[in-house]
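In what follows, a structure is listed as structure tokens, so that the remarks can point back to it.
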Amino acid sequence: MNMNKNHAVNREWWDEVTPVHEASDFYDVAGFLDGRNTLGTIERQAVGDVAGRKLLHLQCHFGLDTLSWARLGADVVGVDFSPAALATAERLAEECCLESRARFIEADVTTAGRLAGAPFDIVFTSIGVLVWISDLDGWAATIDANLADDGFFYFLDGHPLALIFDESSPIPVVHYDYFQGTTPIHEPAGSPDYADPSYRIRSQSRSFTWSISAVFSALENRGLQIHEVCEYPFTAWPQFPDMKRGDDGYWHRTTDVPPMPLLLGFKARRQRIPGAG
Ligand SMILES: C[S@@+](CC[C@H](N)C(=O)[O-])C[C@H]1O[C@@H](n2cnc3c(N)ncnc32)[C@H](O)[C@@H]1O
């Protein structure tokens, strides 16, 4: 596979952590096999009814959300660059008898090009995705190459502003450069895994911060227009040490700091040229 060196480092990291994630309480695979839908209310409401629609899931990890869309009636294709994640996703699809509605493709989302099954009515990506991407233009090109003319792209991830704060501090302390862009942040070997902090990861990783304007511009440069921008003061994982999970399934701050945006959601659609029919 054609892959830049930062992504190649990250792929080893993801291959290592996938079995740890599959065994973790965080991902609760047993609950999923019992019928739990792993999608949050935010993305389910924003994406709407998917029955009979073709959905491309970028950075699908080991497929829980992808298969949850398939359970809701979508014909799904999950894309990820981790062979370990995709092998697990395919095994889970078989266990849930969803193989006829769910396929998985190994590809880097910044170089994937037009995939088998394109165009898709919905291109979807969520939670923990952009920090791994070193090339926003390549990422936007993949979305553009696979999106149907009347389809939409849906994005939900950590808010770029929230990702500049030190994750180990219960009060906001700026730690990362909001404008860092293509320069990678080097994470050394030995860091705790987010899904099972008792596991120390042997591999290194490279991550990236992207400003909101960089994300929107990458899509706009491909002729996509941004719609339905939403910001949420809670998140989908325990990002800071003071967070507690609410009855809504999302993680909320408990320290007395003014609310700040923690998740960012939006859609993008092809621009309609007036008079073009
Ligand atoms: C945190 S998961 C996101 C999925 C989902 N929200 C979850 O928690 O299961 C991030 C995924 O992105 C994948 N990934 C990272 N960089 C990628 C790239 N350049 N191309 C394709 N997949 C990539 C990793 O293999 C991993 O499965």
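Could you pull out every residue, at least 5 positions away or on a different chain, whose amide H is within less than 5 Å of the one on Phe104? Hs are placed 1.01 Å off N in the peptide plane, and Pro or chain starts have none.
Hits under the 5 Å cutoff: Gly78.
Which distance in nm do the two modelled labels at Ile185 and Cys97 give, with both placed 7 Å along the Cα-to-Cβ direction?
Label-label distance for Ile185 and Cys97, simple model: 4.5 nm.
Which aspartates and glutamates, on any chain, are close to Lys267 with Cα under 16 Å apart, when same-chain ones fewer than 8 places away are left out?
Glu43, Asp49, Asp121, Asp144, Asp149, Asp150, Asp157, Glu220, Glu228, Glu231
Between Asn4 and Asp137, what is the label-to-label distance in nm when each label sits 7 Å out along the Cα-to-Cβ direction?
That separation, rounded to one decimal, is 1.0 nm.
Using alpha carbons only, how many angstrom separate the centre of the range 203-269 from the centre of the range 1-59?
17 Å
Note the full-extension length gain between Asp149 and Asp28 as 0.36 nm times their separation in residues minus their Cα-Cα distance, in nm to one decimal.
Details: separation 121, 0.36 × 121 = 43.56 nm, distance 3.66 nm.
Length difference between fully extended and current span is 39.9 nm.
In whole percent, what relative contact order does the range 133-277 give with Cα contacts below 8 Å and a gap of six or more residues? Let's see the in-between values first.
Working: 241 pairs, mean separation 44.6, N = 145.
Result for the range 133-277 is 31 percent.
Can you give the relative contact order of the chain as a percent, counting alpha carbon pairs under 8 Å and 6+ residues apart?
Details: 540 pairs, mean separation 50.3, N = 277.
Here the relative contact order equals 18 percent.
Extending each Cα 7 Å along its Cβ direction at Arg272 and Glu231, get the distance between those two points in nm, one decimal.
Simple spin-label model gives 2.9 nm for this pair.
How much length is gained if the chain between Asp247 and Asn221 is pulled fully straight, taking 0.36 nm per residue apart and subtracting their Cα-Cα distance, in nm to one decimal? Please list the in-between numbers first.
Details: separation 26, 0.36 × 26 = 9.36 nm, distance 3.97 nm.
Full extension from Asp247 to Asn221 adds 5.4 nm.
With θ set to phi - 60°, apply the Karplus curve 6.51 cos²θ - 1.76 cosθ + 1.60 along the range 258-268 and write out the HN-Hα couplings as whole Hz, x wherever there is a Gly or Pro.
x, x, 10, x, 10, 10, 10, x, 6, 10, 9
Starting at the first residue of the range 72-80, write each ³J(HN,Hα) from the Karplus equation 6.51 cos²θ - 1.76 cosθ + 1.60 with θ = phi - 60°, in whole Hz, x for Gly and Pro.
Along the range 72-80, the couplings run 8, x, 7, 8, 10, 10, x, 10, 7 Hz.
Sort Arg200, Arg11 by Cβ crowding within 10 Å, fewest neighbours at the top.
Ordered by Cβ neighbours within 10 Å, fewest first: Arg200, Arg11.
Mind putting a number on the dipole of the chain about its Cα centre? Charges go on the C-beta only, +1 for Lys and Arg and -1 for Asp and Glu, and I need it in Debye to the nearest 20. Each step should come with its number before you reach the end.
Details: 22 positive and 38 negative charges, 117 e Å.
Result for the chain is approximately 560 debye, rounded to the nearest 20.
Neighbour counts of other C-beta atoms within 10 Å: give me His159, His175 arranged from fewest to most.
Numbers: His159 18, His175 13.
In increasing order of surrounding Cβ atoms, one gets His175, His159.
Below 11 angstrom from the Cβ of Met243, what's the summed charge of the other residues (Lys, Arg +1; Asp, Glu -1)? Before the final figure, lay out each step's value.
Details: positive: Lys244, Arg245, Arg253; negative: Glu167, Asp242.
Result for the local shell: +1.
By its C-alpha gyration tensor, with a ≥ b ≥ c as the square roots of the eigenvalues, how is the chain shaped: rounded for a/c under 1.5, else prolate for a/b larger than b/c, else oblate? Before the final figure, lay out the partial values.
Numbers: a/c = 1.33, a/b = 1.14, b/c = 1.16.
Rounded, since a/c falls under 1.5.
All of the numbers you see were taken from the coordinates with simple rules; none came from a lab. Since the structure is predicted, the reported quantities are computational estimates derived from the model, not experimental observations. Every residue, glycine among them, receives a Cβ derived from its backbone with ideal geometry; neighbour counts consider all protein chains shown.
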